[in-house]
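Chemist: This is the structure I want to talk about, given as structure tokens.
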Amino acid sequence: MKHVFHNKRISAIVCVLPDQVVRYEDELEDYPFPVRQSQMLGKMMDYNTRRQCAPTDSVSEYAIQGIQHLLDNAVIRTTEIDAIVVASSSQDYIMPSISYLLQGYFKLPETTYCCDIVQQCGGYQFGLMQSFMLMDTYGFRKVLLVTGEMTSKKVGLHDRNARPIIGDAVSVSILETADNGAIYTEYRNFGQMAAAIMIPAGGLKCPSTSETAIETKDEQGNYRALDHFYMDGEAVFNFVMTKVPPMLSNIMKDSGDTVDSIDYYMFHQPNKYMVDRLADELELPAEKYFGNIVGVYGNASTATIPLNICHNISTEATNRSLRLCLCGFGGGLTCNTIIFSNPPMDYCEIVDYKR
């Protein structure tokens, strides 16, 4: 699906991170592989540090702190918030949805539009598109977009395939009307490959039980339970390499862009190796993209792109207009892209969660 929006911008982003920093080197003994082998893998994939939430932390708590941070810094007022859109697969409860919890906490008007979307790796762009549609349909001027995950709670202790890359983070973005021209969007879904990234147990189809918590050994030697996050790394890599480049070429043709006309490609970052191979396939100069998020924070799924922006280009993004290509791919499986010129942002920061 393709659509062109007009005259909207990301005016602020705050990313809220757990204060616990976990080092890959400290976990090598947990994995059923030779330490030297794990070290070599870590170097290739850029496994270094990641942020991990506490067992009782929730997305709504981090979002509340992020929204309060924006309020305290006079970036937005509660009277300006027309809607709250949440894109996440780490829901606090089966019900109610996170957006209602946020609306209630800040005592926003009863007319505040609340919407939760179950999304994973492509969730930031999907949330942007949903928010832009609401702005066009209802005339909303400012929307809060919350994205983030706490998937570390669902990763096996002895799963070297997934545990080193999974980080936790929550982002809050302010979206508002602006005079910045066309916003090109495109997304494609491949549900026939959905099982490549999943948590098999815990939903209504397969409720969690004592049996689904039992870890078993897979063909690669990793241990995980049905309650745990699973990713078929080879299938996901092949998906990204075959589906993302033609989509990017297609949307750049629609928008009239070249590699040189886009300031930065802000990719979802499952790991450095995959991002670098994707950049090679697209023939991107090293200064046009970043692959350093997972090695510092881990892969926080729906929060990786706003975290990418805050970590790598916050100063630039708040001082000048940038032509950006935001591209997400993964859980679903899905891939989506947005190309637009974003005017200087009012705020772009990373903060630690305060208990």
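Values quoted throughout were computed directly from the atomic coordinates according to the rules given, and no laboratory measurement underlies them. As the structure is a computational prediction, the values presented were derived from the model and not from experiment. For neighbour counting, all protein chains shown are included, and Cβ atoms are generated from backbone atoms with ideal geometry for every residue, glycine included.
Chemist: Within the chain, what percent of beta bridges assigned by DSSP are antiparallel, to the nearest 5?
Modeler: Beta bridges within the chain, antiparallel portion: roughly 65 percent.
Chemist: How far, in degrees from 0 to 90, does helix 233-255 lean away from the longest principal axis of the Cα atoms of the chain, to the nearest 10?
Modeler: Value to nearest ten degrees: 20.
Chemist: Extension gain residue 219-residue 296, at 0.36 nm per residue separation less the Cα-Cα distance, in nm?
Modeler: 24.8 nm
Chemist: Continuing with the same structure: Sorted by average packing, counted as other Cβ atoms within 10 angstrom per residue and highest first, what order do 224-235, 306-317, 243-254 take?
Modeler: 306-317, 224-235, 243-254
Chemist: Take the alpha-carbon centre of the stretch 3-72, take the same for the stretch 99-128, and report the distance between them in whole Å.
Modeler: 21
Chemist: Helix 59-72: angle to the longest alpha-carbon principal axis of the chain, degrees 0 to 90, nearest 10?
Modeler: 40
Chemist: Using +1 at the C-beta of Lys and Arg and -1 at the C-beta of Asp and Glu, which of 99, 266, 222 has the Cα lying farthest in the positive direction of the dipole of the chain?
Modeler: 99
Chemist: If you take the beta carbon distance between residue 232 and residue 286 as r and set R0 to 25 Å, what does 1/(1 + (r/R0)^6) give as a FRET efficiency, to the nearest 0.05?
Modeler: The computed FRET efficiency comes out at 0.30.
Chemist: Can you grab the distance from the C-alpha centre of the stretch 194-263 to the C-alpha centre of the stretch 283-320, Å, no decimals?
Modeler: 20
Chemist: Given bins 10 angstrom wide, list per bin the percent of all Cα-Cα distances in the stretch 78-213, short to long.
Modeler: 10, 35, 32, 18, 5, 0
Chemist: State, to one decimal in nm, how far the label point of residue 157 lies from the label point of residue 323, with both points 7 Å from Cα in the Cβ direction.
Modeler: Calculated label separation equals 5.2 nm.
Chemist: According to a simple spin-label model (label point 7 Å from Cα along Cα-to-Cβ), what is the distance in nm between residue 260 and residue 141?
Modeler: Modelled inter-label distance: 4.1 nm.
Chemist: I'd like the orientation of helix 272-282 relative to the chain: the angle between its Cα long axis and the longest Cα principal axis, in ° from 0 to 90, rounded to 10.
Modeler: Once rounded, the angle reads 60 degrees.
Chemist: Within the stretch 112-145, whose backbone N sits under 11 Å from a point 7 Å along Cα→Cβ of residue 91?
Modeler: Hits in the stretch 112-145 for residue 91 at 11 Å: 116-119.
Chemist: Over the chain, one equal point on each Cα, no solvent: what is log10 I(q)/I(0) by the Debye formula at q = 0.10, 0.15, 0.16 Å⁻¹?
Modeler: Here the Debye-derived log intensity ratios amount to -0.57, -1.34, -1.52.
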